[in-house]
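The values are calculated or read from the model by the stated rules, or taken from the named source; none is laboratory data. The model shown is predicted, which means the values in this text are computed figures rather than measured ones. Here the Cβ is made from the backbone with ideal geometry for all residues, glycine too, and neighbour counts use every protein chain on show. These accessible areas exclude ligands, DNA and RNA; they are computed on the full protein's heavy atoms, side chains included. Shrake-Rupley method; radii C 1.70, N 1.55, O 1.52, S 1.80 Å.
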Amino acid sequence: MLEFLRTLRTNGLVVRVAAIAAIGGLLFGYDTGVISGALLYIKKDLNAGSFAQEAVVSVLLIGAACGAVISGYLADRISRRDTKIISGCVYIAGALGSALATDLAMLIGFRFLLGLAVGTASFVAPMYISEVAPPRARGGLTSFNQLAVTVGILISYLVNYAFKDVSGNWRWMLGVAVIPGVALAIGMLTVPKTPRWLVEHHREDEAREVLLRLRANDPDADVDAELRDIHDSIEEGRGLRVRDLWGARVRPLLVIGLGLAIFQQFVGVNTVIYYAPTILQKTGLNADTAITQTLSVGITNVLFTVVAILLLDRLGRRALLILGTVGLGLSLVLLAVFFGIGSLQQSDPWIALVALIVYIACFAVGLGPVFWLMISEIFPQRLRSKAMSVTTVANWLANFLVSATFLTLTSAISRSGTFILYAGLSVLAVLFFWLRVPETAGRSLEQIQSEVGAERDEAAEPAERRS
Ligand code: BGC
């Protein structure tokens with residue numbers, strides 16, 4: 001990350017590229033967060049019961065899973081840049097349509113469209129940036145992207161807060177998203193296609209020219225060596241298919257990536273992000289106060305992501321992952337106890353807020369950034385983009401499963417039972433991380449592969465240390 005920030009200081013084009021990619025992360029975060037506040041009013045205005053509310057929240061996630069698949073294909077065909085321009089336009093249409101929705105069906109349809117754009121942002125934004133950032137700054141960009149996601153969530157909470165007393169409030173909350181959509185579509189028009197995509201499409205001269213611009217002022221840059229690396233990794237990846245991920249060399253790594261993807265969602269993080277005001281309202285607060293208190297959850301998320309960025313290299317990914325997940329498991333138990341004992345809700349409603357804050361802090365120092373970071377670190381370069389696309393889709397599907405069932409679960413097994421269930425899943429997550437997830441900081445791909453028992457990968461790139 002620090003290396004990444006140093007690069008930003010020296011190269012104007014990389015700054016622009018990073019800022020525009022950050023809009024992709026913001027957009028992902030904004031839509032994740034905005035629905036939490038909007039839901040309180042949509043519920044009344046459009047007469048939405050539990051099932052309809054879950055549909056409004058989760059249809060975006062199905063869209064996002066589809067978006068991550070389609071964009072993997074489009075990014076190869078028409079370039080990462082043009083895919084992002086299209087996704088910006090789809091995003092504008094989705095945001096406007098949701099804001100103007102006259103009934104639930106229309107809202108659900110446009111939320112799906114929005115999802116396509118959000119899924120694209122979650123996959124193509126880090127991909128675009130990793131192909132333009134200097135090699136040694138690549139690790140930092142992933143954390144940078146996660147930071148943008150949390151800032152997006154916070155902005156959405158602020159917007160919810162600002163519009164809560166305005167008439168037609170939920171329409172404004174959803175409609176404001178047009179702004180990052182426009183910024184993304186226009187911004188992407190001003191940045192180049194990535195050198196890797198250009199080489200893949202036999203446009204070597206343009207690739208060299210773009211790399212020279214991207215590495216201007218960088219005394220350590222070696223454009224020829226970078227071009228050679230790009231060629232080599234394209235050659236190694238030629239003809240490989242998604243099913244090659246299941247080969248003996250990569251399978252143990254894929255299991256780790258999928259485990260991280262699924263557990264990141266199964267600990268229930270997005271029930272907190274989407275339903276925080278709804279949860280707080282159940283403690284007896286009115287909608288206004290619930291939205292106000294939710295702001296503290298958003299602020300904590302951003303602050304602790306910054307803490308993670310500062311600590312991930314020093315303490316290692318594994319320690320933060322395991323400690324963070326233990327902490328969030330304990331706060332889930334606290335939430336369960338709180339909702340289980342009726343008298344506590346009367347006498348000490350603040351306990352719910354404290355539990356939510358501790359929960360999100362623990363997620364933000366561990367599972368939040370570590371999942372995205374590890375899937376960019378553990379796979380061999382030749383299969384990396386396929387593996388990242390599969391794990392990203394798994395993450396969205398798991399997100400869907402949890403969000404689509406939260407309200408139904410709370411009425412079937414009570415709120416307390418639901419949080420106990422997530423706590424149980426976080427115990428499984430800790431065991432999985434403990435037993436399967438290797439440390440990746442400061443390690444080469446070969447070391448990681450031999451630690452997890454993957455067959456040595458002859459085609460792996462030379463020992464590249466991660467920091
Ligand atoms: C997760 C999102 C979540 C966000 C919260 C991300 O890493 O993938 O599902 O909403 O963190 O900060």
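Below is a table of values for the structure above.
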| quantity | calculated |
| --- | --- |
| Residue match in the stretch 22-33 (condition: closer than 27 Å to LYS282 by Cβ and either open to solvent by 40 Å² or more (accessible area, probe 1.4 Å) or more than 19 Å from the chain's Cα centre (by Cα) (or both)) | no |
| Boolean, SER122 is out of contact with any Leu (no Cβ under 8 Å at 6 or more places or on another chain), of a type in the set (Gly, Ala, Ser) and either buried (at least 18 other Cβ atoms within 10 Å of the Cβ) or in contact (Cβ under 8 Å) with a residue 12 or more places away in the chain (or both) | yes |
| The lone exception for LYS282 - which of (1) within 13 Å of the ligand (Cβ to nearest atom); (2) at pLDDT below 85; (3) open to solvent by 10 Å² or more (accessible area, probe 1.4 Å) it fails | (1) |
| Filtered residues of the stretch 350-388 (kept if within 16 Å of the ligand (Cβ to nearest atom), more than 15 Å from THR142 (Cβ to Cβ) and among the aliphatic types (A, V, I, L, M)) | LEU356, ILE357, VAL358, ILE360, ALA361, VAL365 |
| The lone exception for ASP205 - which of (1) in contact with a helix residue (DSSP H, G or I) (Cβ under 6 Å, 6 or more places away or on another chain); (2) under 23 Å from LEU227 (Cα atoms); (3) in a helix (DSSP H, G or I) it fails | (1) |
| Residue count, the stretch 408-426 (criterion: under 23 Å from the mean Cα position of the chain (by Cα) and more than 24 Å from SER343 (Cβ to Cβ)) | 2 |
| Condition check for ALA65: part of a helix (DSSP H, G or I), within 16 Å of the ligand (Cβ to nearest atom) and either in contact (Cβ under 8 Å) with a residue 12 or more places away in the chain or under 21 Å from ILE155 (Cα atoms) (or both) | yes |
| So GLY239, is it in a loop (DSSP other than H, G, I, E, B) and without any contact (Cβ under 8 Å) to a residue 40 or more places away in the chain | yes |
| Extreme residue, farthest from the ligand (Cβ to nearest atom), among residues of the stretch 305-317 that are open to solvent by 80 Å² or more (accessible area, probe 1.4 Å) and either within 15 Å of TYR359 (Cβ to Cβ) or not charged (D, E, K, R) (or both) | LEU315 |
| Test: residue in the stretch 2-11 that is at pLDDT 90 or above and part of a helix (DSSP H, G or I) | no |
| Residue pairs meeting the criteria (Cβ under 6 Å; at least 6 apart or on separate chains; first within 8 Å of the ligand (Cβ to nearest atom), in the stretch 265-276; second among the hydrophobic types (A, V, I, L, M, F, W, C)) | GLN265/ALA398; GLN265/VAL402; VAL269/PHE363 |
| Answer from PRO219, PRO180 - the residue that is part of a loop (DSSP other than H, G, I, E, B) and either within 16 Å of the ligand (Cβ to nearest atom) or open to solvent by 20 Å² or more (accessible area, probe 1.4 Å) (or both) | PRO219 |
| Residue match in the stretch 389-405 (condition: away from the ligand (no atom under 12 Å from the Cβ), more than 30 Å from MET127 (Cα to Cα) and surrounded by fewer than 20 Cβ atoms within 10 Å (Cβ to Cβ)) | yes |
